[in-house]
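K.L.:
Structure in structure tokens, see below.
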Amino acid sequence: MMASAANNNASTLAPALQQQLETMLHFWQHLMPDPVHGGFWGAMNNDLQVIPQASKGCVLHARILWTFSSAAQQLANSSYTDCADDCYRFFQHFFDPEHGGVYWSLRYNGSPLDTKKQVYAQAFAIYGLAAYYQLRQQPAVLQQAVHLYQLLETHSLDKTAGGYFEAFSRQWGELPDLRLSEKDANEKKTMNTHLHVLEAYTALYRVWPHQQLLQSLLHLLQMFQTHILTNQYSMGLFFDEHWQRKDQQVSFGHNIEASWLLQEAAEATGDEAWITWSRELAVAMARQAIAGIDSDGGMWHEMNAATGHWQKEKHWWPQAEAMVGYYNAWQNSGDAALLQQSLRSWQFVQRYLLDSRTGEWFWGIDANYQRLPNEDFAGFWKCPYHNGRAYLELLKRMAANNE
């Protein structure tokens with residue numbers, strides 16, 4: 001298929017993508033807000049049953065704040081603005097008034113639960129606040145985002161080896177357990193946190209183009225180029241403080257996500273050398289990640305490069321990132337096969353993950369196409385961020401291509 005024909009095929013999807021986005025956001029607007037304690041319910045299962053006393057995550061609420069703020073701007077829907085306003089008001093409960101920064105989690109009633117300062121959570125707070133400031137233009141919102149940035153530069157930035165340390169106590173002291181979740185390695189630096197600090201700083205730079213922040217963005221790009229990316233156009237996941245790699249995993253979802261987020265960051269800086277590097281890298285990383293695509297168009301979760309063992313699960317978020325990453329790679333290269341993979345990723349979602357009741361996506365399926373048990377339908381890690389962002393990105397890019 002020629003590139004122009006492929007683009008026409010993709011563009012006809014825009015109305016369907018917008019309809020699915022609006023259906024999903026309607027679910028989050030009407031079934032997920034906690035009417036008693038505020039914010040959003042901490043968890044809901046696949047039967048759409050709320051778990052009323054589930055803890056409320058900072059990352060969950062920051063991502064919802066970003067999603068509704070971004071959707072309100074892009075789709076000009078005032079009801080999304082109202083939802084963003086409600087989320088922002090509740091989000092104030094996550095701020096630590098004594099030591100600064102945001103808590104990792106709250107109890108269901110909004111009181112502090114886990115008060116550690118996970119850098120990943122600080123990054124998503126910046127990300128959500130930057131989008132909300134772009135929507136509302138309230139100086140106090142920008143001030144909160146900038147203050148979180150300054151806290152990370154003060155406490156988390158490694159001024160010797162570069163990059164950012166993973167987590168701290170409430171008082172910004174040392175913490176024995178640095179992990180985001182039990183499945184992670186307990187290491188001082190991770191790809192995942194660096195990727196989302198980069199994402200957050202990019203969003204903040206759009207609304208606060210400060211010279212210091214620009215240098216921070218350039219520093220992060222250098223860390224990816226020098227330490228995190230491998231010569232196989234993949235990324236290491238876990239590192240010690242000296243950037244010695246501590247894993248052998250290939251995370252296909254993170255690779256395809258980073259392919260376009262690194263380019264987004266480079267383009268925000270305006271540095272032509274980094275922009276050229278990032279665009280070439282985006283195509284190379286997308287092509288490398290094809291190794292994680294099954295014959296049905298879905299992306300597997302992970303593979304251990306040392307043992308050859310595959311985690312034969314297909315989670316929702318790599319499919320969302322593949323939709324954007326392959327579309328972006330096609331825009332950079334004109335290679336219609338990359339656009340076709342973006343479309344195949346969406347087709348896989350429609351066939352296996354999309355919930356007809358709500359427009360949300362299920363967590364994932366196993367190698368036998370069985371839905372993964374005991375995973376949230378919505379919750380601490382599951383919200384309209386990866387898929388909501390995929391819809392918004394594709395709609396924006398398709399509209400630009402048709403101008």
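Just so you know, all these numbers are worked out from the coordinates, no wet-lab data involved. Every value quoted in this text rests on a predicted model; they were computed, and no experiment measured them. Virtual Cβ from ideal backbone geometry, glycine too; neighbours counted across all protein chains shown.
K.L.:
What is the pair-distance distribution P(r) of the chain, computed from all Cα-Cα distances in 20 Å bins starting at 0, with each bin given as a whole percent?
P.N.:
Final binned percentages: 28, 63, 9.
K.L.:
Please work out the Cα center distance from the stretch 81-127 to the stretch 359-375, rounded to the nearest Å.
P.N.:
Here the answer is 29 Å between Cα centres.
K.L.:
For the stretch 189-347, what class follows from the C-alpha gyration tensor (a ≥ b ≥ c being the square roots of its eigenvalues): rounded when a/c is under 1.5, otherwise prolate if a/b is larger than b/c, else oblate?
P.N.:
Oblate, since a/c reaches 1.5 and b/c is not below a/b.
K.L.:
Run through every distinct alpha carbon pair of the stretch 11-81 and return the Kirkwood hydrodynamic radius in angstroms, one decimal place.
P.N.:
13.4
K.L.:
OK, next. With each run of n ≥ 4 DSSP H residues scored as -39500 (n - 2.57), what mean residue ellipticity at 222 nm is computed for the chain after dividing by its residue count and rounding to the nearest 500 deg cm²/dmol?
P.N.:
Rounded to the nearest 500, the figure is -17500 deg cm²/dmol.
K.L.:
Right, here's the next one. How big is the charge dipole of the chain about its Cα centre, in debye rounded to the nearest 20, if each Lys and Arg gets +1 on its Cβ and each Asp and Glu gets -1 on its Cβ?
P.N.:
180
K.L.:
Go ahead and set up a Gaussian network model of the chain, Cα springs under 10 Å, then flag whichever of 200, 145, 291 fluctuates most.
P.N.:
291
K.L.:
On to the next question. Spelling out what I want: for every residue of the stretch 31-48, take phi, set θ = phi - 60°, compute 6.51 cos²θ - 1.76 cosθ + 1.60 (Karplus), and round to whole Hz; glycine and proline get x.
P.N.:
10, 9, x, 8, x, 9, 9, x, x, 10, 3, x, 6, 9, 8, 5, 8, 6
K.L.:
If each residue of separation counts as 0.36 nm, what is the full-extension length gain between residue 267 and residue 372 once their alpha-carbon separation is subtracted?
P.N.:
Taking residue 267 through residue 372 to full extension adds about 34.0 nm, to one decimal.
K.L.:
Now, a different point. Which distance in nm do the two modelled labels at residue 161 and residue 48 give, with both placed 7 Å along the Cα-to-Cβ direction?
P.N.:
The modelled label-to-label distance comes out at 4.9 nm.
K.L.:
Okay, moving on. Taking H placed 1.01 Å from N in the peptide plane, check which residues at least 5 places from residue 156 or on another chain put their amide H under 5 Å from its amide H.
P.N.:
Those qualifying (amide H under 5 Å, at least 5 residues apart or on another chain) number zero.
K.L.:
Then there's this: Of 354, 75, 198, which has the largest mean-square fluctuation in a 10 Å C-alpha GNM of the chain?
P.N.:
Greatest mean-square fluctuation among the candidates belongs to 75.
K.L.:
Roughly how many whole Å is it from the C-alpha centroid of the stretch 322-352 to that of the stretch 16-77?
P.N.:
Centre-to-centre distance over Cα atoms comes out at 26 Å.
K.L.:
Could you state the per residue volume, in Å³, of the convex hull enclosing the Cα atoms of the stretch 78-189?
P.N.:
Cα convex hull per residue, to the nearest whole number: 119 Å³.
K.L.:
Using the basic label-point model (7 angstrom from Cα toward the beta carbon), what is the residue 37 to residue 89 distance in nanometres?
P.N.:
Result for the modelled spin labels: 1.8 nm.
K.L.:
Treating only the Cβ of Lys, Arg, Asp and Glu as charged (+1, +1, -1, -1), what charge dipole size does the stretch 162-268 show about its Cα centre? Round to the nearest 20 debye.
P.N.:
100
K.L.:
Short version: ³J(HN,Hα) in whole Hz for each residue of the stretch 326-337, in order, from phi by Karplus 6.51 cos²θ - 1.76 cosθ + 1.60 (θ = phi - 60°), x for Gly and Pro, what are they?
P.N.:
Once rounded to whole Hz, the list reads 6, 5, 4, 5, 5, 4, 6, 10, x, 6, 4, 5.
K.L.:
Which of the peptides 124-136, 97-109, 268-280 is most tightly packed, and how do the rest follow, judged by the mean count of other Cβ atoms within 10 Å per residue?
P.N.:
The packing order, highest mean first, is 124-136, 97-109, 268-280.
K.L.:
Sequence gap at least 6, Cα distance under 8 Å: using those rules, report the relative contact order of the chain to the nearest whole percent.
P.N.:
18
K.L.:
Pick from 25, 157, 217: which is most flexible by mean-square fluctuation in a GNM of the chain where alpha carbon atoms under 10 Å apart are linked?
P.N.:
Highest fluctuation among the options: 157.
K.L.:
So how much slack lies between residue 276 and residue 355, counting 0.36 nm per residue of separation and subtracting their Cα-Cα distance, in nm?
P.N.:
Taking residue 276 through residue 355 to full extension adds about 24.5 nm, to one decimal.
K.L.:
What is the P(r) of the stretch 205-247, as percent of Cα-Cα pairs per 5 Å bin from 0?
P.N.:
6, 20, 22, 18, 13, 12, 8, 1
K.L.:
Also, I was wondering about something else. With the cut-off at 1.5 for a/c, could you classify the stretch 12-148 from its C-alpha gyration tensor as rounded, prolate or oblate?
P.N.:
Oblate, since a/c reaches 1.5 and b/c is not below a/b.
K.L.:
Through the Karplus equation 6.51 cos²θ - 1.76 cosθ + 1.60, θ set to phi - 60°, convert the phi angles of the stretch 78-92 into ³J(HN,Hα) values in whole Hz; use x for Gly and Pro.
P.N.:
5, 5, 5, 4, 4, 5, 4, 4, 4, 5, 4, 4, 5, 4, 4
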